[in-house]
1. Using only the Cα atoms of segment 1-145, build the gyration tensor, take square roots of its eigenvalues as a ≥ b ≥ c, and label the shape rounded, prolate or oblate: rounded if a/c is under 1.5, else prolate if a/b is larger than b/c, else oblate.
2. Assuming R0 = 30 Å, what is the FRET efficiency of K162 and E315, from their Cβ-Cβ distance, to the nearest 0.05?
3. In straight Cα distance, which lysines are under 27 Å from K294, not counting same-chain residues fewer than 8 positions off?
4. Taking K152 as the anchor, which lysines have their alpha carbon closer than 30 Å to its alpha carbon, excluding any fewer than eight residues away along the same chain?
5. Hey, if you put +1 on the Cβ of every Lys and Arg and -1 on every Asp and Glu Cβ in the chain, which of M60, L393, G256 ends up farthest toward the positive end of that dipole?
6. List the residues of segment 315-329 whose backbone N lies under 11 Å from a point placed 7 Å from the Cα of E253 along the Cα-to-Cβ direction.
7. Run the paramagnetic zone check for N268: 7 angstrom along Cα to Cβ, then residues of segment 179-206 with backbone nitrogen under 18 Å.
8. Ranking request for peptides 206-212, 323-329: highest mean number of other beta-carbon atoms within 10 Å first, then the rest in descending order.
Amino acid sequence: MLRQMLLNTHSPEMNTGREPVELTALSELIGKVIPGVRFWVKFDQRRDAFITAWFFTPDMRYGDTGSNYATMRRPLEMAGTSLLQVTQIFAYLLTFKPRLLLIDEPDAHLHQTSQEKLIKALEKANLDFPNTQIIISTHSPRVVRASAQTTKVVWLEDGKVKNHTAVRERIGWGALDKDIVIFSEDDNTEYLQAIVDQWPDLAHRAVIWPCFGVSSIPHGDRLSKLATRHDIKVMVHRDRDFMSNTDCEKWKEIRGYLKNNIAVWFTNGSDIESCFQSPEHISRAMDIDLEDAKKAIKYALEELNEQEVSAAFSEAYAKATQSLAGQSNPVARWEKLGKFGQATTKGKELKDPLNRGLEKVLTEIDQKRKLNNRARIYEGNSEYPICEDLRELLLAATEQAMTAD
């Protein structure tokens, strides 16, 4: 059928004569997607029982054959799926010149760069064939992002048109089908994603955007503008860094999150790692008794130097509160949190000693085989989730977004 269409693009009489003819118009159209491609077709009504078609791409050139395409070109049936797919689209356009051309997921077998070229080629073809309206369906962010502003983009979800005007912008954030963007201070969002994944119904509505440090988290005014422009909810995650609830509220006020009604989630412990280091969570993840989990934490803390932990605590707390009104008092905060212990130790610093503490405990109780469960500690638990306060913030934000829709 495709060979029939290729012949038709040459001549409605369906005859090339004895020699193959080059399909220059087709080659030009497809060349905008796959540069350098060329096509030929041959069907002599007096002599041939079948239509023959050939193609050539620059990577097929070899040796010193120069421009002797007759030796380099290959039969059309040897073409790859992506080339055949693009060929079919433009052959249909040239053959039928339809009033309406429906194309279902033309990006399916194309490299991402070729996807962008395809949408540009279709937009150019739309100008060359003004009587043809082209409608394509796609799941490709590259196709949507590369489309011109004059191309109308419609977002369908669950069979309904979503009322969002910033489809291209949302795709740029990876948030086309999301209700909320979480701006995280961490550059590695693996731990935060593990926590969010505990609630699948919420996880698929949220996307996490790394900010590479607290200072890089956008101010509330900027986030508010972004939320309005993209018609999406935004949230901020930052590590507590031993701050009190009062400190956290002051930080939110200074950063403009309170006045812009932007939710901020602070880790209950010092950092995101500490969220996974409660005795209860360790007990479930390792499948050990709660008392054994507590003993492993005790062994981990015994490895640490109290003076070094105190110095790290003071530095982190002072840095976290330096922009807040009033004078930072690390000593008072240290004493408030019970002095040296898990509450005043960074989760990052406790991670390796905790591994060794678990090894020691499991050796004592003759269950070393359970050391294979250590990776589970830094995973969420859907049955017994951690950080339920984050779930409440996400739930509130997604409900607001659905109400707005």
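Every number here is computed from the coordinates shown, using simple stated rules; none is lab data. A quick note: this is a predicted structure, and the numbers were derived from the prediction, not measured. Note that we place each Cβ from the backbone using ideal geometry, even for glycine, and neighbour counts take in every protein chain shown.
1. Here segment 1-145 falls in the oblate category.
2. 0.05
3. Cα-Cα hits under 27 Å: K336, K339, K346, K348, K351, K360, K368, K370.
4. Qualifying lysines at Cα under 30 Å: K32, K97, K117, K120, K124, K160, K162, K178, K225, K233.
5. Value: M60.
6. 325-326
7. 191-199
8. 206-212, 323-329
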